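Below is one structure, written out as structure tokens; the observations come after it.
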Amino acid sequence: MADVHGPQAMRAVELIKRLDLTNLNEDCGEADIATLCQRAETPVGQVAAICIWPRFVAFARRELSPHVKVATVVNFPHGGDDIDATLGEVHDALAAGADEIDMVIAYERLAGDPGFVEAQVRTVKASCGMARLKTILETGRLYDEAATRIAARTALAGGADFLKTSTGKVEVNATPASARMLLEEIAKEGATVGFKPAGGIKTFEDADGYMQLAETICGKDYPTPERFRLGASGVLDDLLAVAKGRDRAGGKSGY
């Protein structure tokens, strides 16, 4: 493992340990997943998980160290309301070796029928067995604070293990504002449920900003790798550059 010196470098290593390294590109192939699995084993330690399409779960599980989780997506990316279809996806993903399920809730039904979404989350959670359920709220499509907080409370009431902001497939994904709302709702429930910002996290500053927010709202001890994840693909190179004291390709973000 590479030597790491200095508080910023050590922080970058901690962020890498909390990374869900992601490839959900439409043109993703098995060779891309093989590369992702290799990248998950970094010179400064392993990422927490990779997040991939269901069709690649079995292949990735064979390629990866058992210490790196395999997360996959269901009801993705549009968040439909066919619960039976989602349960089928979950069953197949678990049979293939998935450790974590990232499910898009039926967010378009929240305004008129939040009870449906709560039941959706509860039903899918019951089918997950030992796998953790991350509920994707698609906060960029909820448009206002009230709707975002309703989504968070509904998913929490349904028994979600994580609140995740976004699919990364819409115009607005994770933002500090949406993260704050979700973390505040998590804190109200005792800060035991995990949090995952996803989409648009490109720099060390982006990633660290979200972790600082989690520490501020839910407590310094809250954002362990079991309770805090970063859903991203491109941020790993910048985190490694900071961890190893190398020159960075990009500038700082405006988090």
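FYI, it's all coordinate maths here, none of it is from the lab. Worth saying up front: this structure is predicted, and the values here are computed from it rather than measured. Neighbour counts run over all protein chains shown; Cβ positions are idealised from the backbone, glycine included.
Summary of computed values
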| quantity | calculated |
| --- | --- |
| Qualifying position, being buried (at least 20 other Cβ atoms within 10 Å of the Cβ) and either assigned to a loop (DSSP other than H, G, I, E, B) or not basic (Lys, Arg) (or both), among 123, 135 | 135 |
| Test set (1) closer than 26 Å to residue 232 by Cβ; (2) over 17 Å from the mean Cα position of the chain (by Cα); (3) surrounded by fewer than 24 Cβ atoms within 10 Å (Cβ to Cβ); (4) not hydroxyl-bearing (Ser, Thr, Tyr) - residue 176 fails condition number | (2) |
| Test: residue in segment 55-66 that is at positive phi and not hydrophobic (A, V, I, L, M, F, W, C) | no |
| Answer residue from segment 75-95, given it is closer than 16 Å to residue 55 by Cα and aliphatic (A, V, I, L, M) and is surrounded by the fewest Cβ atoms within 10 Å (Cβ to Cβ) among those | 95 |
| Matching residues, segment 62-74, being under 15 Å from residue 37 (Cα atoms), buried (at least 17 other Cβ atoms within 10 Å of the Cβ) and either touching a helix residue (DSSP H, G or I) at 6+ places or on another chain (Cβ under 6 Å) or without any contact (Cβ under 8 Å) to a residue 60 or more places away in the chain (or both) | 63, 64, 68, 69, 70, 72 |
| Those residues of segment 211-233 which are within 12 Å of the chain's Cα centre (by Cα) and of a type in the set (Phe, Trp, Tyr), in sequence order | 228 |
| Residues that are of a type in the set (S, T, N, Q) and without any contact (Cβ under 8 Å) to a residue 40 or more places away in the chain, drawn from segment 166-175 | 173, 175 |
| All strands (runs of 3 or more DSSP E) inside segment 1-104 with 3 or more residues being of a type outside the set (Val, Ile, Thr) | 19-23, 100-104 |
| Residues within segment 45-60 that are more than 18 Å from the chain's Cα centre (by Cα) and either buried (at least 19 other Cβ atoms within 10 Å of the Cβ) or basic (Lys, Arg) (or both), tallied | 1 |
| Segment 162-173, residues that are surrounded by fewer than 24 Cβ atoms within 10 Å (Cβ to Cβ) and touching a helix residue (DSSP H, G or I) at 6+ places or on another chain (Cβ under 8 Å) | 170, 171, 172, 173 |
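Results for (1) touching a Phe, Trp or Tyr at 6+ places or on another chain (Cβ under 8 Å); (2) of a type outside the set (Asp, Glu), shown as yes or no for each residue.
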site	(1), (2)
10	no, yes
13	no, yes
30	yes, no
37	no, yes
41	no, no
46	no, yes
49	no, yes
